[in-house]
1. Quick check on my filter: what residues within the range 31-85 are among the basic types (Lys, Arg), open to solvent by less than 40 Å² (accessible area, probe 1.4 Å) and in a loop (DSSP other than H, G, I, E, B)?
2. Among Thr256, Thr291, Thr276, Thr246, which is within 20 Å of the chain's Cα centre (by Cα) and among the β-branched types (Val, Ile, Thr)?
3. Write out, first by first residue and then by second, each pair whose Cβ atoms fall under 6 Å of each other, whose residues are 6+ apart or on separate chains, and whose first residue, in the range 355-372, is over 9 Å from Tyr181 (Cβ atoms) and modelled with pLDDT of 95 or more while the second is among the polar types (S, T, N, Q) and open to solvent by less than 20 Å² (accessible area, probe 1.4 Å).
4. Restricting to the range 318-335, and then to whatever is open to solvent by less than 70 Å² (accessible area, probe 1.4 Å) and in a strand (DSSP E or B), can you tell me which residue is farthest from Glu349 (Cα to Cα)?
5. Any chance you could count how many residues in the range 42-53 are free of Cβ contacts under 8 Å to residues at least 60 places away in the same chain and in contact with a Pro (Cβ under 6 Å, 6 or more places away or on another chain)?
6. Please count how many residues of the range 170-218 are among the basic types (Lys, Arg) and either open to solvent by less than 40 Å² (accessible area, probe 1.4 Å) or free of Cβ contacts under 8 Å to residues at least 24 places away in the same chain (or both).
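The values are calculated or read from the model by the stated rules, or taken from the named source; none is laboratory data. This is a predicted model, so every value here is computed, not measured. No Cβ is skipped: glycine too gets one built from the backbone with ideal geometry, and neighbour counts run over all protein chains shown. These accessible areas exclude ligands, DNA and RNA; they are computed on the full protein's heavy atoms, side chains included. Shrake-Rupley method; radii C 1.70, N 1.55, O 1.52, S 1.80 Å.
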Amino acid sequence: HEGLFYIYFPAAGTNWVITAPHPAGPWSEPVDLEVGGIDPGHIATPEGRRYLHLSGGYVCTLAPDGLSVLDTPQKSYDGWAYPETWVVESFALESPKLLYREPYYYLVSAQGGTAGPATSHMAVVARATSPIGPWENSPHNPIVRTWDRSEGWWSKGHGTIFEDGRDNWYMVYHAYRHGHYPLGRHTLIEPIIWAEDDWFHTQRDSRSEGPVRMAPNSSPRSDDFASETLDLQWRFSGVDDLDGVTLEHGVLRFETRAEAPVVLHVINDASSFEATVRLKIEGNIEAGLLTYYNEAARAGVAVQEDASYFINRHMRIPGPELQESDHVYLRIRQHHYDLSAYVSLDGQEWRACTHGAEVSGYQHNVLGGFSSLKIAIRGVGDGAVLVEDFQYTPLD
């Protein structure tokens, strides 16, 4: 807006805004807008008046610089009344995304709940000649939805429409793969077309799921850590900064703490895979390789001194005994959410843990959190974990 980029986002029970001269930053310190709700959606009129739409169908006026709210949020939109017989999670009017295409403002919203039943979620659209309504619902609603549990993608919804600069229009939205809630939500995109009456709809019959071409960008990659910079697939949890992390001479070293675990993880997109790590451990700490949703839902193998353990949730079950060694190899194998674990001192002779786990219930509908099962290297205790190699093989 007028040469400045804005991100409006919810956190800690309020909504915030940050600005930058370029999408890569540097970004400003967050400014608290002091309004509740989630999923803020910004719109500016051709004359420069600015508004922020919020979940529940509310809207408020922004100051000309976009950094403060000028009034109390007012109810602007009631949503689209879907049939009472539809099986959804809840009404959950949220995700207002706005667009001006003369002569109308378009409001794309999510309804039905973002998880729950397979047929829960949807994306609906309304339009008005003013950015604050009154709104007229589209005759094509819902624009996207999962109509039956037999479809390949569940809980389709939360859509945003955009134009690619060449007059091609698309809707991007999220959904769960059929039967794969533990993998979390995926991003889908498909073309939309504008009709002569200035409404848009999908190119396909919205009640008939078309073919889907997969373009995965989140498959884990094997890593020998020989690069000078850490691969962007890796993420840390349980750290406030990276002062305790080094990457030198093919070794990723991260310090651990006794009071809380430090978790290095990578997003996974397969229900069946094998992952192997070679570790060196400094200090009397527990280090493990896990399939990991959160601290309450994790499974895999961990070692501490000369002992190994099979981990399942908060259970710590003794595994094969180990001799003292400079290095240890850990392996987990997940086959359609059935997980087994192994340990080795040389990477050649493997010993299996006698226990296993079934982890299909490690997902949002059971645990909340909107997360997914990740592959994690976890350490807890005063010391450090040195990761010298990571190997990943999909098994599907």
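1. Of the range 31-85, the ones among the basic types (Lys, Arg) are 49-50, 75.
Next, from what is left, pick out any that are open to solvent by less than 40 Å² (accessible area, probe 1.4 Å): 50.
Result: no residue meets the conditions.
2. Only one candidate qualifies: Thr291.
3. From residues that are over 9 Å from Tyr181 (Cβ atoms) and modelled with pLDDT of 95 or more, the pairs are Val359/Thr291.
4. That would be Gln334.
5. 2
6. 2
Every residue, every condition in (1) out of contact with any Cys (no Cβ under 7 Å at 6 or more places or on another chain); (2) modelled with pLDDT of 95 or more; (3) surrounded by fewer than 16 Cβ atoms within 10 Å (Cβ to Cβ); (4) not small (Gly, Ala, Ser), yes or no:
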| position | (1), (2), (3), (4) |
| --- | --- |
| Leu232 | yes, no, yes, yes |
| Phe236 | yes, yes, no, yes |
| His249 | yes, no, yes, yes |
| Thr256 | yes, yes, no, yes |
| Asn268 | yes, no, no, yes |
| Glu274 | yes, yes, no, yes |
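Each row is one residue, and each column tells you yes or no for (1) under 24 Å from the mean Cα position of the chain (by Cα); (2) under 15 Å from Val108 (Cβ atoms); (3) of a type in the set (Phe, Trp, Tyr).
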site	(1), (2), (3)
His121	yes, yes, no
Ser130	no, no, no
Glu136	no, yes, no
Ile161	yes, yes, no
